[in-house]
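This report concerns only the one structure given below.
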Amino acid sequence: MPKAYWVVTYRWIKNPAAWEAYAKIAVPAIKDAGGRFLALGMPKKIWEAGQEQRVVLVEFDNLDAAIACHDTPQYKEALRLLGKGNVERDMRVVEGKG
């Protein structure tokens, strides 16, 4: 089975306190579900239509594990803390090449 990756880019963070509360629960929830943070932070160089947005890349053993992590009660609680209107981000899961 190929590995799977969460790819997250933040368009904006209006409420840093809400984002910090989310991160305090989300990081352990992701790690507990087998996620490994490969990259997080601001881009060091941008090409083409790239934007200067915070990026997070998390690796999972497979697609099922990546999806299951998002659906855990612990991660759902983190999302609740993120709240509506505090952060806008693009989050997707992709499979690696086998």
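The values are calculated or read from the model by the stated rules, or taken from the named source; none is laboratory data. Since this is a predicted model, take the numbers as computed values, not measurements. Virtual Cβ from ideal backbone geometry, glycine too; neighbours counted across all protein chains shown. The area values use the complete protein model at the heavy-atom level, side chains included, leaving out ligands, DNA and RNA. Shrake-Rupley method; radii C 1.70, N 1.55, O 1.52, S 1.80 Å.
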Legend entry - Residue within region 16-31 that is open to solvent by less than 50 Å² (accessible area, probe 1.4 Å), in a helix (DSSP H, G or I) and β-branched (V, I, T) present: yes
Inset, instruction - Consider V8 carefully, then state whether it is β-branched (V, I, T), open to solvent by less than 40 Å² (accessible area, probe 1.4 Å) and modelled with pLDDT of 95 or more. - result: yes
Legend entry - G34 being on the phi > 0 side of the Ramachandran plot, in contact (Cβ under 8 Å) with a residue 12 or more places away in the chain and either in contact with a Cys (Cβ under 9 Å, 6 or more places away or on another chain) or surrounded by 14 or more Cβ atoms within 10 Å (Cβ to Cβ) (or both): yes
Inset, instruction - Go through region 58-94 residue by residue and tally those that are open to solvent by 90 Å² or more (accessible area, probe 1.4 Å), under 15 Å from the mean Cα position of the chain (by Cα) and over 15 Å from A23 (Cα atoms). - result: 1
Legend entry - Test: residue in region 38-48 that is outside any loop (DSSP other than H, G, I, E, B), touching a residue at least 12 places away in the same chain (Cβ under 8 Å) and touching a helix residue (DSSP H, G or I) at 6+ places or on another chain (Cβ under 8 Å): no
Legend entry - Check on R54, touching a Ser or Thr at 6+ places or on another chain (Cβ under 9 Å), open to solvent by 40 Å² or more (accessible area, probe 1.4 Å) and over 23 Å from M1 (Cα atoms): yes
